[in-house]
Amino acid sequence: QFDTNYASGRSGMVHLFEWKWDDIAAECENFLGPNGFAGVQVSPVNENAVKDSRPWWERYQPISYKLVTRSGNEEQFASMTRRCNAVGVRIYVDVIFNHMAANGGTYGTGGSTASPSSKSYPGVPYSSLDFNPTCAISNYNDANQVRNCELVGLRDLNQGNSYVQEKIAEFLNHLIDLGVAGFRVDAAKHMWPADLGVIYGRLKNLNTDHGFSSGSKAYIVQEVIDMGGEAISKSEYTGLGAITEFRHSDSIGKAFRGKNQLRYLSNWGTAWGFAASDRSLVFVDNHDNQRGHGAGGADVLTYKVPKQYKMASAFMLAHPFGTPRVMSSFSFSDTDQGPPTTDGHNIASPSFNSDNSCSGGWVCEHRWRQIYHMVAFRNAVGSDAIQNWWDNGSNQIAFSRGSRGFVAFNNDNYDLNSSLQTGLPAGTYCDVISGTKNGSSCTGKTVTVGSDGRASIYLGNSEDDGVLAIHVNAKL
Ligand code: LM2
Ligand code: CA
């Protein structure tokens, strides 16, 4: 369950937060597939409580496991997995089974009703027998409380109960039948690892009709926020699957905000307290910490700080550590605000500009040239190791990935202007950050590598993007 099941030659997962299934299917065909992306994390697929103001977080309040949400119905979901898999893009579902809707969640997006105050959810069905006794989580130094009490009043399911295990496994297996490649397990820290082990053990192999090789297991990434100093640690979960590495988000934010010198990134990885590379899902920001929900550091970078955000994203994608996930947001000012709608309820589709960017309230970080070109960089360099590390003793760094790609960053308040070893074969390359390769020309800066592999690298401190990247597929 650590294998991402990515199609070969692809990398980069994107969280298309609150997108509709039909729009994701089109995005796989029109953009993600052609640009080398490997997968999409989709918002929760099962029926959730309808809240008056339609905040984004209503989707974290399950009412049943019927596949009906504001993103679409089961037929649309099934069509999306088929269309995305057909173009080599895998689907990962955000699944919520620590809890059900809190008090006040009386009806769902699929027409089911519920009575959270009496712990009754007939759409599953669950009754009070399936839940832990009511108590609130207040002390994160008490593992029993964190796992057996309620997170912000959300009715806490007992995953040790065999009927509950059965219902959850049925839900996940249904998604496997529909062609998904894996799951993001919401609130995993709030469930006992042993119970998760039982549930994961009941999962079917992935559906070979969708192109998975026989015997493939679902990729599992468990949401465990472990910044240290609490009773529960991520190491309790890394034997079962990958975890969301929140320290990566925190550390990369601090570095590119200038609170830590970039030269220290030379040993980026487990030395920073991260889980092993294949157990770490890494990200600059996620749907919670970009708006101050959940936890994971006050220094998180988001689309609202674009220059540093692009630099941090480029570093994450250029570096071999972890399985990177790119956040794709809708713009917000209020932290509860839901996605763009047509009428206050129905989610609006994104619209696209000629430069690939989005409008209509969608930020689409994954369509920023500097970000999707770095997915192509990651695919071009494959498994080649980091070589030719260089730094100026503070915030200018550069490295190559073997002899296939080279990247440089300038986070100092003066220009980077140095002759550096790129590791690349001689030739002229298009900088994929400032431009796009178009046949034998480049719309941005070019870099000329000499027969000794050296090139003169210039990154002005007032440039839009403090990063430059070249790779073998961007040779002119
Ligand atoms: C997660 N991971 O463990 C999600 O990533 C996170 O987005 C979820 O919280 C959380 N766990 C539960 O699935 C979000 C949001 C909360 C929101 C909950 C439930 O961050 O603010 O809580 O979803 O919708 C909301 C209200 C809260 C209220 C609660 C219950 O914000 O004030 O608590 O509903 O009514 C009384
Ligand atoms: Ca729990």
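The values are calculated or read from the model by the stated rules, or taken from the named source; none is laboratory data. No experiment lies behind these values; they were computed from the predicted model shown. Cβ coordinates were reconstructed from backbone atoms using ideal geometry, including for glycine residues, and neighbour counts include every protein chain displayed. With ligands, DNA and RNA removed, areas are computed over all heavy atoms of the protein, side chains included. Shrake-Rupley method; radii C 1.70, N 1.55, O 1.52, S 1.80 Å.
Couple of notes before you dig in:
- Normalised by 2.2 N^0.38 Å, where N is the number of residues, the C-alpha radius of gyration of segment 123-277 stands at 1.21.
- Rounded, prolate or oblate (a/c below 1.5 giving rounded, otherwise prolate when a/b exceeds b/c) for segment 1-85 by Cα gyration tensor: prolate
- Close amide H contacts of Phe330 (hydrogens built in the peptide plane, cut-off under 5 Å, sequence separation of 5 or more or a different chain): Val363.
- Residue (of Gln421, Val449, Asn473) at the positive-pole extreme of segment 390-476, dipole from beta-carbon charges: Asn473
- Pairwise alpha-carbon distances in the chain exceed 32 Å for 39% of all pairs.
- Using the Karplus relation 6.51 cos²θ - 1.76 cosθ + 1.60 with θ = phi - 60°, the per-residue 3J(HN,Hα) values for segment 397-402 come to 9, 7, 7, 10, 10, x Hz, with x marking Gly and Pro.
- D_trans [Stokes-Einstein, Kirkwood Rh over alpha-carbon pairs] for segment 106-181, 25 °C, 0.890 mPa s, µm² s⁻¹: 177
- A simple spin-label model places the labels of Thr436 and Ser403 3.1 nm from each other, with each point 7 Å out along Cα-to-Cβ.
- Accessible heavy-atom area order of Arg10, Arg147, highest first, probe of 1.4 Å: Arg10, Arg147
- Placing unit charges on the Cβ atoms only, positive for Lys and Arg and negative for Asp and Glu, gives the chain a dipole magnitude near 800 debye about its Cα centre.
- Under-5 Å amide H pairs with His99, H placed in peptide plane, nonlocal only: Leu157
- Solvent-accessible area of Lys217 with every protein chain in place, 1.4 Å probe, in Å² to the nearest 10: 90
- Once the Cα gyration tensor of segment 351-409 is diagonalised, semi-axes √(5λ) in Å: 30, 15, 7
- Calculated SAXS-style log₁₀ I(q)/I(0) at q = 0.17, 0.19, 0.23 Å⁻¹ - segment 297-383, Debye, Cα scatterers: -0.80, -0.94, -1.17
- Pairs of Cα atoms in segment 323-371 fall into 5 Å distance bins, from 0 up to the last occupied one, in shares of 5, 20, 25, 24, 15, 9, 2, 0 percent.
- Positive-pole candidate from Ala314, Asn353, Thr341, dipole of segment 304-362, charges at beta carbon: Ala314
- For Ser280, the residues 5 or more places off, or on other chains, whose built amide H falls under 5 Å of its own are Ile243, Thr323.
- Volume per residue of the C-alpha convex hull in segment 200-322, rounded to whole Å³: 142
- Positive end of the dipole of segment 31-116 (Cβ unit charges, origin at the Cα centre): among Trp56, Pro44, Asn85, the Cα lying farthest that way belongs to Asn85.
- Centroid-to-centroid, using Cα positions, segment 461-476 and segment 298-340 are 20 Å apart.
- √(5λ) per eigenvalue of the Cα gyration tensor, segment 326-476, largest first, Å: 34, 17, 14
- For the residue pairs Lys234/Lys310; Lys304/Lys475; Lys217/Lys304; Lys119/Lys304; Lys20/Lys167; Lys217/Lys259, alpha carbon separations beyond 30 Å are given by Lys304/Lys475; Lys217/Lys304; Lys119/Lys304; Lys217/Lys259.
- When segment 187-272 is reduced to its Cα atoms, the Kirkwood hydrodynamic radius in Å: 15.4
- By the Cα gyration tensor, segment 31-159 has an equivalent ellipsoid whose semi-axes, rounded to whole angstrom, run 30, 18, 12 from largest to smallest.
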